[in-house]
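Q: I have a structure here, written as structure tokens, and I will follow up with some questions on it.
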Amino acid sequence: MFMTRFLTLLTTVCVTFGPAIQADDTTEPPVTYTLEVNGQKYLLSADKTVILKGSFQNPKVTLRASSTRRFVHDGIAFDYPANFTFEADLSDPGIRTWTMSGNNVTLMLFDFDEPVKPTELIASTAESLKTNVDRMESTSLKLGTLNAKGQSALLKVGDVALSYTVLAMPAAAGKSRLLIVQDLPQDNGQPSNERTDILKMLGDSFTQKP
């Protein structure tokens, strides 16, 4: 039963995206802004009031939108590009997902109410896409102070190759949480430039609560 639900959800996430459910955990992280007044910078968020201390006469003012959004959930947080689309599916409490998609890269965070290994998720993804795992190997990635371990794999769907990096995240006992980086590699087989940028962003921005 669990695997049937899992495969249905994977097909939805990997192939098509429906509208996001609007609820607490499904609200897209906000864009933040930096207001620069005569060289002094103030961090702003939409609909939140800040007080600018001092007196200004003919001030030189610049407003800049952040190039990233910050995803925060249950003790972990990381930045992702502000222009990525955001989707969330909490319809099944046993398998909750958050998806952030760019041109080549899709980030997916899966919360499971039972243990699921990276190898199992990759195998189930291949099954949902009706293909085979072309290559799979152990991998690790430094995310802040966390040395995240998992599996990388290459799946071919017709003439299209998709690479997957699936990393185990901290989770409560008896549960599991997996972070997936899906990439559409370049024609020469090398990772896309977007994937390179995303991995650096994750490494630099990832934080976790003790």
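The values are calculated or read from the model by the stated rules, or taken from the named source; none is laboratory data. Just so we're clear, the structure is a prediction, and the values are computed from it rather than from any experiment. Methodologically, a virtual Cβ is constructed for each residue, glycine included, from the backbone with ideal geometry; neighbour enumeration extends over all protein chains shown.
Q: Given the structure, is Ala153 farther than 27 Å from Thr68 by Cβ, in contact with a helix residue (DSSP H, G or I) (Cβ under 8 Å, 6 or more places away or on another chain) and modelled with pLDDT of 95 or more?
A: Working: farther than 27 Å from Thr68 by Cβ: yes; in contact with a helix residue (DSSP H, G or I) (Cβ under 8 Å, 6 or more places away or on another chain): yes; modelled with pLDDT of 95 or more: yes.
It is true that Ala153 is farther than 27 Å from Thr68 by Cβ, in contact with a helix residue (DSSP H, G or I) (Cβ under 8 Å, 6 or more places away or on another chain) and modelled with pLDDT of 95 or more.
Q: Given the options Ser192, Ser176, name the one that is polar (S, T, N, Q), touching a residue at least 12 places away in the same chain (Cβ under 8 Å), closer than 18 Å to Ser124 by Cα and assigned by TED's automatic domain parsing to the domain that holds Gly75.
A: Numbers: Ser192 fails: closer than 18 Å to Ser124 by Cα.
Ser176 is the lone residue from the list that is polar (S, T, N, Q), touching a residue at least 12 places away in the same chain (Cβ under 8 Å), closer than 18 Å to Ser124 by Cα and assigned by TED's automatic domain parsing to the domain that holds Gly75.
Q: Okay, moving on. Of (1) within 17 Å of the chain's Cα centre (by Cα); (2) outside any strand (DSSP E or B); (3) closer than 25 Å to Asp74 by Cα, Ala148 satisfies all except one. Which?
A: Only one criterion is unmet by Ala148, namely (2).
Q: Further question: I'm checking my understanding of the structure. Among residues of segment 76-101 that are assigned to a loop (DSSP other than H, G, I, E, B) and either in contact with a strand residue (DSSP E or B) (Cβ under 6 Å, 6 or more places away or on another chain) or β-branched (Val, Ile, Thr) (or both), which one is farthest from Arg195 (Cα to Cα)? Show your work before the answer.
A: Within segment 76-101, the first condition is being assigned to a loop (DSSP other than H, G, I, E, B), and the residues that meet it are 82-84, 90-94.
Right, trim to either in contact with a strand residue (DSSP E or B) (Cβ under 6 Å, 6 or more places away or on another chain) or β-branched (Val, Ile, Thr) (or both) and you get 82, 84, 90.
Values: Ala82: 15, Phe84: 13, Leu90: 26 Å.
Looking at residues that are assigned to a loop (DSSP other than H, G, I, E, B) and either in contact with a strand residue (DSSP E or B) (Cβ under 6 Å, 6 or more places away or on another chain) or β-branched (Val, Ile, Thr) (or both), I get Leu90.
Q: Regarding Pro59, is this residue surrounded by 12 or more Cβ atoms within 10 Å (Cβ to Cβ) and over 30 Å from Ile180 (Cβ atoms)?
A: Working: surrounded by 12 or more Cβ atoms within 10 Å (Cβ to Cβ): yes; over 30 Å from Ile180 (Cβ atoms): yes.
So Pro59 passes the test.
Q: It is to be established whether one or more residues within segment 132-141 are in contact (Cβ under 8 Å) with a residue 40 or more places away in the chain and surrounded by fewer than 17 Cβ atoms within 10 Å (Cβ to Cβ).
A: Step one: list which residues in segment 132-141 are in contact (Cβ under 8 Å) with a residue 40 or more places away in the chain, which gives 141.
Next, from what is left, pick out any that are surrounded by fewer than 17 Cβ atoms within 10 Å (Cβ to Cβ): none.
Checked against the condition, which is being in contact (Cβ under 8 Å) with a residue 40 or more places away in the chain and surrounded by fewer than 17 Cβ atoms within 10 Å (Cβ to Cβ), segment 132-141 yields no hits at all.
Q: Identify the residue in segment 143-157 that is of a type outside the set (A, V, I, L, M) and in contact (Cβ under 8 Å) with a residue 12 or more places away in the chain and, among all such residues, is nearest to Lys130 (Cα to Cα). Working first, answer last.
A: Initial filter on segment 143-157 (of a type outside the set (A, V, I, L, M)): 144-145, 147, 149-152, 156.
Pick out the ones that are also in contact (Cβ under 8 Å) with a residue 12 or more places away in the chain and you get 144-145, 149-152, 156.
On the way: Gly144: 35, Thr145: 37, Lys149: 26, Gly150: 23, Gln151: 20, Ser152: 18, Lys156: 10 Å.
In this case the residue turns out to be Lys156.
Q: Where residues in segment 167-195 are aliphatic (A, V, I, L, M) and more than 16 Å from Ser101 (Cα to Cα), which of them is surrounded by the fewest Cβ atoms within 10 Å (Cβ to Cβ)?
A: Residues of segment 167-195 that are aliphatic (A, V, I, L, M), as a first pass: 167-169, 171-173, 178-181, 184.
Still in the running and more than 16 Å from Ser101 (Cα to Cα): 167-169, 171-173, 178.
Numbers: Leu167: 22, Ala168: 18, Met169: 21, Ala171: 18, Ala172: 11, Ala173: 5, Leu178: 24.
It comes out as Ala173.
Residue-wise test of (1) at pLDDT below 95; (2) β-branched (Val, Ile, Thr); (3) at positive phi.
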| residue | (1), (2), (3) |
| --- | --- |
| Gly75 | yes, no, yes |
| Ile95 | yes, yes, no |
| Asn104 | no, no, no |
| Leu129 | yes, no, no |
| Thr139 | no, yes, no |
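Q: Then there is this: For Leu199, indicate whether it is part of a strand (DSSP E or B), of a type outside the set (S, T, N, Q) and surrounded by 16 or more Cβ atoms within 10 Å (Cβ to Cβ). Spell out the reasoning first.
A: Working: part of a strand (DSSP E or B): no; of a type outside the set (S, T, N, Q): yes; surrounded by 16 or more Cβ atoms within 10 Å (Cβ to Cβ): yes.
No, not satisfied.
Q: Okay, moving on. Specify which of the listed residues (Leu109, Leu9, Leu90) is under 26 Å from Gly174 (Cβ atoms), modelled with pLDDT of 95 or more and within 18 Å of the chain's Cα centre (by Cα). Steps first, answer last, please.
A: Numbers: Leu9 fails: modelled with pLDDT of 95 or more; Leu90 fails: modelled with pLDDT of 95 or more.
After ruling out the rest, the residue left standing is Leu109.
Q: Among the residues that make up segment 179-192, is at least one of them small (Gly, Ala, Ser) and either within 13 Å of the chain's Cα centre (by Cα) or closer than 15 Å to Asn104 by Cβ (or both)?
A: We begin by selecting, within segment 179-192, every residue small (Gly, Ala, Ser); these are 189, 192.
Filter once more, so that each one left must be either within 13 Å of the chain's Cα centre (by Cα) or closer than 15 Å to Asn104 by Cβ (or both): 189, 192.
Yes: one or more hits.
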